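The values are calculated or read from the model by the stated rules, or taken from the named source; none is laboratory data. Computed from a predicted structure; not experimentally measured. Backbone-built Cβ (ideal geometry, glycine too); neighbour counts: all protein chains shown. Accessible surface areas use protein heavy atoms only, side chains included; no ligands, DNA or RNA. Shrake-Rupley method; radii C 1.70, N 1.55, O 1.52, S 1.80 Å.
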Amino acid sequence: DIDLRGAVVIPIILCVLTIPFIRAVEERHSSGLANIVVIALIAKMVGAYMRYLLAYHVYGGNDSGQYHEAGVRIANQYLDGQRDVASMFPTSFGTQFIEELNGIVALLTGRSLLASFMVFSWLGFFGLWGFVAAIRRAVPDVDVRQYALLVLFLPSSLFWPSSLGKEAWMLFGLGLFATGAARVLTHQTRGLIFVGAGVWATGMVRPHVTAIALLSFALALVLVRGRRGRALSPVLTMVTIASIAAAAAFASGPLEQILPNSEEGFSAVLDATTQRSSQGGSEIEVSSPNSPIEYPYAFLTVMFRPLPFEARTFTQLLSSLESAVLLALVFIRRRRVFGAIGRTLGDPFLRFAVLYTLAFAFAWSSVGNLGIIARQRVQVLPFLLILLCWIPTRPDSTSGTTQFNQRDPATAGTS
């Protein structure tokens, strides 16, 4: 039987509520991206339905079933008066946070599993859109239209973070973080509000990813001076550093629940991650680097595997085809990639993106399962794609000096 509420009613409500907002924002910035973003929203709803069909009509379920059962139970507790509505704000960490969050979703959507898929996919869409807004504001030398097409319609972005689970919520939180970082790095203090919201959202679920984002952002603040010729004001710098310290203190709370109580510290976490992930039929030899020489292979594994010849299932085959295309794009656009990396000293957001990408690859190289890697890298691909869409420099034909290609004025709006 088709769940009409989840398959039709909730997606229509979400689109009706969101599309006018999308058009208002994009038209205010004269970006020319309104139709693209609207189509991406619809595509995310379709992606959620496909994710649901695969999970429950092909594989017989996944972790979303656990989240849904707990969420329905929590929703019933609200209705029966066993839980106070005034204390509805989720306060637990990790899996329990997603369960409590879905309790609120189930209360609003009528406790439909497919409806929860749609709502979480909708949140993931806002995360992707947040990356587009961040790039438009903070990195003038990126083709925003091209970046939007890649990041919004990448198959893995449409599919994996489109279910009831941690991936969609993490993408939402990282989009908030990126939006806030772009504002701070372009001298807007209110961007710290978005950074704080992103820290909270990601820190409640995967604080180690929050730590990576905070560290990368903090390092990006160093030498914030470039083509714009302005460093952050002393007041904004102090406020930002204080906010990062507070955010790090917040993230350390849930992180302590993940770290084992042993003298081995971080290495023990990596060992535990390896043991938990090296099962399920997609096991690989862990690529966690022990020296700089080993890092390129670890980076390749996290960003681009499985490759087509490694695919064992239909979903792995689809994922491997995307990986092969991305790897080919990196090779074809290698001058853009290296040019963007070379600009990191002068462009703080590019520096943030590159540092986050490198640190993420190191952290997740301890995962020994290609299926898990394919799902988790949706948290880093929006950063990597920035390098592929960077506009290289070109010599000016009249003066002989080097200038940056400029985007079409129609796409040069800020957010």
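A few points about this structure:
- Residues being open to solvent by 20 Å² or more (accessible area, probe 1.4 Å) and farther than 15 Å from Leu384 by Cα - total across segment 136-147: 3
- Against the numbered list (1) in contact (Cβ under 8 Å) with a residue 40 or more places away in the chain; (2) closer than 19 Å to Glu167 by Cβ; (3) open to solvent by 20 Å² or more (accessible area, probe 1.4 Å), Glu99 comes up short only at (1).
- Screening the candidates Arg73, Arg51 for the property of being open to solvent by 30 Å² or more (accessible area, probe 1.4 Å), out of contact with any Lys or Arg (no Cβ under 7 Å at 6 or more places or on another chain) and part of a helix (DSSP H, G or I) yields one hit, Arg73.
- Hits in segment 1-33 (condition: surrounded by 18 or more Cβ atoms within 10 Å (Cβ to Cβ), part of a helix (DSSP H, G or I) and of a type in the set (Gly, Ala, Ser)): Gly6, Ala7
- Contact map, segment 334-350: residues that are free of Cβ contacts under 8 Å to residues at least 24 places away in the same chain paired with residues that are assigned to a helix (DSSP H, G or I) and buried (at least 16 other Cβ atoms within 10 Å of the Cβ), Cβ distance under 9 Å, separation 6+ or inter-chain. Pairs shown: Phe338/Leu387; Thr344/Ala220; Thr344/Leu350; Thr344/Arg351; Thr344/Phe352; Thr344/Ala353; Thr344/Val354; Thr344/Leu355.
- Selection status of Arg343, at pLDDT below 90, open to solvent by 10 Å² or more (accessible area, probe 1.4 Å) and in contact with a Leu (Cβ under 8 Å, 6 or more places away or on another chain): yes
- Restricting Ile74, Ile36 to those that are within 21 Å of the chain's Cα centre (by Cα) and over 13 Å from Leu114 (Cβ atoms) reduces the list to Ile36.
- Extreme residue, most open to solvent (accessible area, probe 1.4 Å), among residues of segment 148-196 that are in contact (Cβ under 8 Å) with a residue 24 or more places away in the chain and among the polar types (S, T, N, Q): Thr189
- Inside segment 120-135, residues that are buried (at least 24 other Cβ atoms within 10 Å of the Cβ) and out of contact with any Lys or Arg (no Cβ under 9 Å at 6 or more places or on another chain) make up a count of 8.
- Restricting Val38, Val8 to those that are of a type in the set (A, V, I, L, M) and in contact (Cβ under 8 Å) with a residue 12 or more places away in the chain reduces the list to Val38.
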